[in-house]
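The values are calculated or read from the model by the stated rules, or taken from the named source; none is laboratory data. Treat the numbers as computed from the prediction; the structure is a model and nothing was measured. Every residue, glycine as well, gets a Cβ built from its backbone with ideal geometry; the counts of neighbours run over all protein chains shown.
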Amino acid sequence: MAITAERRVGADSGKAMVRVERRRGRLGRREAIDGILMAMPWMVGFVLFTAGPMLVGLYTGFTKWDIISRPVWIGLDNYVRMFSGADKLFYRSLGVTLRYTLMSAPLHLVLGLALASLLNMKIPGTNFFRSVYYLPAILPVVASSVLWSWVFNPEFGLLNYGLSLLGIKGPGWLSDPKWALPAIVLMNLQYIGPGMIILLAGLQRVPQELYEAAQLDGANRWMLLRHITLPQMSSVIFFVIITSINSSFQTFTQAFLMTNGGPNYATHFYMLHLYNEAWRSYRMGYASGLAWVLFVIIVGFMIVHFRLSRLWVYTDSE
């Protein structure tokens, strides 16, 4: 009798476990369906507005297409035109973009980190200055470009007027091939706010105990920066470098409105060249090829950056 009762209890517990597993399975399927339904708007938008246009652009990059007529398959002719030098502005615009990136990205990182360090201090008015430095980043690019065109005016611009008060004759800025690109770099420093906020958040997560222990051992400010702040901030710096490079390669509006690529193609950015090919020369197939070349270049920079990050990015597991 005791053995029969034990078997019955075991069978009942087994059935209960089966019911529990079935209930868990139903709940899991329901959660999966709910998750897919909630993600569906984003998935549909990604396919329609990102993945779809990218695939169409990949196809049209191998065609001759003027938007009005149907695309005509020409194979690699567009890419041969780019890399063979037939398009004289291809390498020139790419060089302008690379020079701009090499000037702009390090400045955004260094100045952003310096401002973040100042704004990380516990002094009155810090929140006000955080808002002030971030505010220019939300201004419309078109409005700020027009405003900076007046600032850089060599005759009555505010910048040259300030330099004249110091006894310095200001350059031609946007009208001078040597100064046009540095002028756009200087103008874009107003968009330092987003990177500064990210770096500030990274500074605030550095454990204060590390600073206190190092100071007890006699570390000065330079040693604190080199051996504590920068290693602890390396992952945040890594992210800011990625975003800066990505945005620098896609610079367009400022050059389009302020210089239109001049003077003497000194600010003829890659994106401006792409725009001219697509919407002024109506070579949409060639412009699609230019867009994919830029995509490959940016991805290549990202891959190199990720590989090099193993040498200097500190992780919590290390």
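The residue pairs whose first member lies in the stretch 271-292 and is in the same structural domain as G261 (by TED's automatic domain parsing) and assigned to a loop (DSSP other than H, G, I, E, B), whose second member is modelled with pLDDT under 95 and aliphatic (A, V, I, L, M), and whose beta carbons are closer than 8 Å, counting only pairs six or more residues apart or on different chains, are Y282/I67; Y282/I68.
Applying the criterion of being small (G, A, S) and assigned to a helix (DSSP H, G or I) to the residues of the stretch 217-241, the residue that is farthest from the chain's Cα centre (by Cα) is S234. Residue count for the stretch 115-171 under the criterion of being among the basic types (K, R) and in contact (Cβ under 8 Å) with a residue 12 or more places away in the chain: the result is 1. Annotation note: of T267, T315, the sole residue that is at pLDDT 95 or above and outside any helix (DSSP H, G or I) is T267. If you go through the stretch 162-199 and keep only what is over 29 Å from S234 (Cβ atoms) and aliphatic (A, V, I, L, M), you end up with L163, L165, L166, I168, L174, A180, L181, A183, I184, M187.
Just one residue in the set G25, G57 is at pLDDT 90 or above and more than 26 Å from L189 (Cβ to Cβ); that residue is G57. Only one entry of A116, A137 meets the criterion of being modelled with pLDDT under 90 and among the small types (G, A, S), and that entry is A137. Suppose the filter is at pLDDT below 95, in contact with a helix residue (DSSP H, G or I) (Cβ under 8 Å, 6 or more places away or on another chain) and either within 25 Å of M187 (Cβ to Cβ) or not β-branched (V, I, T) (or both); does S309 pass it? For S309, the condition - at pLDDT below 95, in contact with a helix residue (DSSP H, G or I) (Cβ under 8 Å, 6 or more places away or on another chain) and either within 25 Å of M187 (Cβ to Cβ) or not β-branched (V, I, T) (or both) - is met. Which residue, of A143, A137, A214, A183, is loosely packed, with under 14 Cβ neighbours inside 10 Å, of a type in the set (A, V, I, L, M) and part of a helix (DSSP H, G or I)? When all the criteria are applied, what remains is A143. Flag: G195 matches the condition of being closer than 27 Å to F256 by Cα, in a helix (DSSP H, G or I) and of a type outside the set (S, T, Y). Identify the single condition in (1) free of Cβ contacts under 8 Å to residues at least 40 places away in the same chain; (2) among the β-branched types (V, I, T); (3) more than 23 Å from L308 (Cβ to Cβ) that V206 does not satisfy, given that it satisfies every other one. Every condition holds for V206 apart from (3).
Take the conditions (1) in contact (Cβ under 8 Å) with a residue 60 or more places away in the chain; (2) crowded, with 16+ Cβ neighbours inside 10 Å; (3) under 23 Å from the mean Cα position of the chain (by Cα); L174 misses just one of them, which is (3). Against the criterion of being farther than 21 Å from F239 by Cβ, surrounded by fewer than 14 Cβ atoms within 10 Å (Cβ to Cβ) and touching a Phe, Trp or Tyr at 6+ places or on another chain (Cβ under 8 Å), L158 qualifies. A search for C-beta distances below 6 Å between a residue of the stretch 238-251 that is assigned by TED's automatic domain parsing to the domain that holds L290 and surrounded by 21 or more Cβ atoms within 10 Å (Cβ to Cβ) and any residue that is modelled with pLDDT under 95 and not in a helix (DSSP H, G or I), counting only pairs 6+ apart in sequence or on different chains, returns nothing. Do the conditions hold for L189, that is, is it modelled with pLDDT of 90 or more, of a type outside the set (V, I, T), touching a Leu at 6+ places or on another chain (Cβ under 8 Å) and within 30 Å of V293 (Cα to Cα)? Yes.
Consider S93 carefully, then state whether it is out of contact with any Gly (no Cβ under 9 Å at 6 or more places or on another chain), part of a helix (DSSP H, G or I), in the same structural domain as I242 (by TED's automatic domain parsing) and surrounded by 15 or more Cβ atoms within 10 Å (Cβ to Cβ). In short, no.
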